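Only one structure is covered here, and it is reproduced in the block below.
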Amino acid sequence: MTRHIPLLLLVVTLLGSATLGLSQTPENDAAPEPSKPMRILNAHLGELPGLINADKTGPFVDLVHAIDDLYPDVTIKITIYPIARAMAGVISGKADLGLPAIRNLKDIDMLAYRFSTRSFGKVAHVIYSNTAYPVTTDMAYGIVPTKRDLLIEAVPDYMPFPVQRSMSIEQSLRKLSRGRIDAFVWAQEEADLMLKQLGLTNIRREFFGDFEDVFIIQKGTAGDEMDEFLRQAIDQLAASGKLAEIYEKIHRPYVEWQPSPAAKAEPATTPPATP
């Protein structure tokens, strides 16, 4: 029996090698690929009651979530700030994209950021003025001359003429009602919502123009990459019908109405009270 032990050991060794060889199939040869790291994008959204709420609800927020849902390997982190701070986040590179924004006619070289190439809709803007001293769109553009220098509040980067920065919709409308400024230009839905909440009746409305709703993004390579990412995302949402579903809750065509009977707009001869 002793002389057969080497033979038995040889058989066991061969069987073990065969079993090992069979277990090393091509499937098991391939080492599991490491999971792809999740890409985090930061979106800074400026608070707009009803559209971008402090609790991260609203149609603009829904739009960002819809883009996020398109890409399983991407997570978009949303932070709500005052509008000016949201824009500052993009400019400083802390945010990859920002909302709200409208494309304007200014030379891009004059801006510290850029707009997304792909628009996702058009927003009607309204010029609001005091019924005692009406200001029309043509007056704001300088087409119709006035006897005073108009003090208009809006977002400076968005207007093709000099304006004073609006710190908030509510503040601008209250100042306008009290005669401290001549006019206020803003997106229809946001400003109308606040106007109705405040119950101001000495305000006159007039259609100012349609502007493209866009994202603000960084300049440079990072902005180029984000621009393409947003273009593809908006195209996909548009093709699926999801974009139209979301956007009808954001902005609609201009609606004519007045908080009080509309007065004929004529150049005012007496300026309102100074601040």
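The values are calculated or read from the model by the stated rules, or taken from the named source; none is laboratory data. Predicted model only: the values in this text are computed from it and were never measured. Cβ atoms come from the backbone with ideal geometry, glycine included; neighbour counts cover every protein chain shown.
Condition first: touching a Gly at 6+ places or on another chain (Cβ under 8 Å) and free of Cβ contacts under 8 Å to residues at least 40 places away in the same chain. Can you find one or more residues in the range 159-181 that meet it? Break it down into steps so the answer makes sense when it comes.
Residues of the range 159-181 that are touching a Gly at 6+ places or on another chain (Cβ under 8 Å), as a first pass: 161.
Those still in the list that are free of Cβ contacts under 8 Å to residues at least 40 places away in the same chain too: 161.
Yes, the conditions are met somewhere in the range 159-181.
Could you check Glu190 against (1) touching an Asp or Glu at 6+ places or on another chain (Cβ under 6 Å); (2) assigned to a helix (DSSP H, G or I) and say which number it fails?
Against the list (1) touching an Asp or Glu at 6+ places or on another chain (Cβ under 6 Å); (2) assigned to a helix (DSSP H, G or I), Glu190 comes up short only on (1).
I'm told Gly179 meets every condition in (1) more than 30 Å from Asp68 (Cβ to Cβ); (2) crowded, with 20+ Cβ neighbours inside 10 Å; (3) out of contact with any His (no Cβ under 6 Å at 6 or more places or on another chain); (4) not acidic (Asp, Glu) except one. Can you identify the failing condition by its number?
Unmet condition: (2).
Conditions tested, residue by residue: (1) among the β-branched types (Val, Ile, Thr); (2) outside any helix (DSSP H, G or I); (3) free of Cβ contacts under 8 Å to residues at least 40 places away in the same chain; (4) farther than 25 Å from Val126 by Cβ.
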residue	(1), (2), (3), (4)
Gly209	no, yes, no, no
Lys219	no, yes, no, yes
Glu225	no, no, yes, yes
Leu237	no, no, no, yes
Leu243	no, no, no, no
Lys249	no, yes, no, no
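Take the residues in the range 200-218 that are of a type in the set (D, E, K, R) and within 16 Å of the chain's Cα centre (by Cα); name whichever of them is nearest to His65 (Cα to Cα). Walk me through how you get there before you give the answer.
As a first pass, look at the range 200-218 and keep what is of a type in the set (D, E, K, R): 204-206, 210, 212-213.
Cutting the leftovers down to within 16 Å of the chain's Cα centre (by Cα) gives us 212-213.
Details: Glu212: 20, Asp213: 17 Å.
Checked the range 200-218; the qualifying residue nearest to His65 (Cα to Cα) is Asp213.
Quickly run through the range 36-57 and pick out the residues that are closer than 30 Å to Gln171 by Cα and part of a strand (DSSP E or B). Let's see the steps before the verdict.
Step one: of the range 36-57, the residues closer than 30 Å to Gln171 by Cα are 42-57.
Scanning the range 36-57 gives Asn42, Ala43, His44, Leu45, Gly46, Leu48, Ile52.
Can Asp62 be described as charged (D, E, K, R) and under 13 Å from the mean Cα position of the chain (by Cα)? Break it down into steps so the answer makes sense when it comes.
Numbers: charged (D, E, K, R): yes; under 13 Å from the mean Cα position of the chain (by Cα): yes.
Yes; evaluated as a whole, the condition is true for this residue.
Report those strands (runs of 3 or more DSSP E) wholly inside the range 95-182 carrying at least 3 residues which are within 30 Å of Gly220 (Cβ to Cβ). Give the steps one after another, and end with the answer.
Working: elements: 97-99, 121-130, 152-154.
Result: 97-99, 121-130.
What are the residue pairs meeting all of these: first residue in the range 81-108, first residue in contact (Cβ under 8 Å) with a residue 60 or more places away in the chain, second residue exposed (fewer than 13 other Cβ atoms within 10 Å of the Cβ) and not basic (Lys, Arg), Cβ atoms under 8 Å, and 6 or more apart or on different chains?
Gly93/Ala222; Asp96/Ala222; Asn104/Pro160
Mind listing just one residue for me: the one in the range 98-119 that is out of contact with any helix residue (DSSP H, G or I) (no Cβ under 6 Å at 6 or more places or on another chain) and at pLDDT 95 or above and, of those, surrounded by the fewest Cβ atoms within 10 Å (Cβ to Cβ)?
Ser119
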